[in-house]
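Okay, structure first, notes after.
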Amino acid sequence: MPDLKSQISNLKSNYAIIVAGGSGSRMQSALPKQFIELCGEPVLMHTIRAFIESDAAPKIILALNSSYHELWAELCTEHNFTIPHTVIAGGETRFHSVKNALDTITAEDAIVAVHDAVRPLTSKQTIDESYRVAATSGTAITAVKSRDSIRQMNGELTTCLDREGIYLVQTPQTFKASLLKKAYEQPYTGLFTDDASVAEKTGVHITLIEGSHSNIKITFPEDITIAEALLNKKAISGS
């Protein structure tokens, strides 16, 4: 029986679409959050490196607003960042950015992960598992169980929900390319909050895989402090 590394390396075409459309508004920064420095280099560089260092070693497609292409090129030069990747124009929404990236992938047997540029702490284990499961099940959506109590608001009333059935969705969200391409042929609607919701609309079964509460999304200033602490801990432990 082949080991996990062999199974993943035998996949014909692995891709990772990194979606970098965020702004700096909630970070109280004029600089979009994917470019803010984390342990000495932009968040986005950590994110790309996480995928390249996985056994899946996918081809990287970076969907980035055209107005930031020049800045990104300058940052790559400044930080001597030479990991191969393709930069394309992002769209009006996340949906359109992913669709633009999918249009560049011609291999129908490809496995495609879609990932937030500002989730730089995704583990190698999570990335590899997402490709392995998507190759067999068609989909692999990273999620974690809620640690907190959950209440739903309806007008002025709130109702307690059973948190045992509540999962918080993360990225990567990984799919067989044929399934994802078909899903993105649909017209855009504001109800599409992530790739899983787009795929599910076409009747695709969504398979969840276990994520990690360390796989945080850089959204607020305090998230940088948390991410740096986690990265430093990882460097010390060597894992």
Restricting the first residue to the stretch 131-152 and requiring it to be under 9 Å from THR207 (Cα atoms), which pairs with a second residue that is basic (Lys, Arg) meet a Cβ separation below 7 Å and a spacing of at least six or different chains?
-> ALA134/LYS176; GLY138/LYS176
What are the pairs, 6+ residues apart or on separate chains, where a residue within the stretch 181-206 that is under 14 Å from SER97 (Cβ atoms) has its Cβ under 9 Å from a residue that is of a type outside the set (A, V, I, L, M, F, W, C) and surrounded by fewer than 13 Cβ atoms within 10 Å (Cβ to Cβ)?
-> TYR184/ASP103; TYR188/GLU92
Look through THR106, THR77, THR47 and report the one residue that is within 17 Å of the chain's Cα centre (by Cα) and either surrounded by fewer than 16 Cβ atoms within 10 Å (Cβ to Cβ) or at pLDDT 95 or above (or both).
-> THR47
Scan (1) surrounded by 21 or more Cβ atoms within 10 Å (Cβ to Cβ); (2) more than 17 Å from ALA56 (Cβ to Cβ); (3) of a type outside the set (Ser, Thr, Tyr) for the single condition PHE175 breaks and write down its number.
-> (2)
(1) in contact (Cβ under 8 Å) with a residue 40 or more places away in the chain; (2) surrounded by fewer than 17 Cβ atoms within 10 Å (Cβ to Cβ); (3) under 25 Å from MET45 (Cα atoms); (4) small (Gly, Ala, Ser): which one isn't true of ALA229, the others all being true?
-> (1)
When you go through LYS145, LYS181 one by one, which is the residue that is over 25 Å from GLU228 (Cβ atoms) and either surrounded by 16 or more Cβ atoms within 10 Å (Cβ to Cβ) or out of contact with any strand residue (DSSP E or B) (no Cβ under 7 Å at 6 or more places or on another chain) (or both)?
-> LYS181
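So that you can scan it fast, the table gives a plain yes or no per residue for (1) among the charged types (D, E, K, R); (2) farther than 29 Å from THR189 by Cβ; (3) surrounded by fewer than 23 Cβ atoms within 10 Å (Cβ to Cβ):
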| site | (1), (2), (3) |
| --- | --- |
| ILE36 | no, yes, yes |
| GLU41 | yes, yes, yes |
| PHE81 | no, yes, yes |
| PRO84 | no, yes, yes |
| ARG94 | yes, no, yes |
| ALA110 | no, no, yes |
| PRO120 | no, yes, no |
| TYR131 | no, no, no |
Quick one: in the stretch 184-221, which of the residues that are polar (S, T, N, Q) and closer than 24 Å to THR122 by Cα is surrounded by the fewest Cβ atoms within 10 Å (Cβ to Cβ)?
-> THR193
When you look at ALA140, is it more than 14 Å from the chain's Cα centre (by Cα) and at pLDDT 95 or above, yes or no?
-> no
Among the candidates GLY155, GLY190, single out the residue that is at pLDDT below 95 and either on the phi < 0 side of the Ramachandran plot or charged (D, E, K, R) (or both).
-> GLY190
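The values are calculated or read from the model by the stated rules, or taken from the named source; none is laboratory data. Everything quoted here is computed from the prediction, not taken from an experiment. Backbone-built Cβ (ideal geometry, glycine too); neighbour counts: all protein chains shown.
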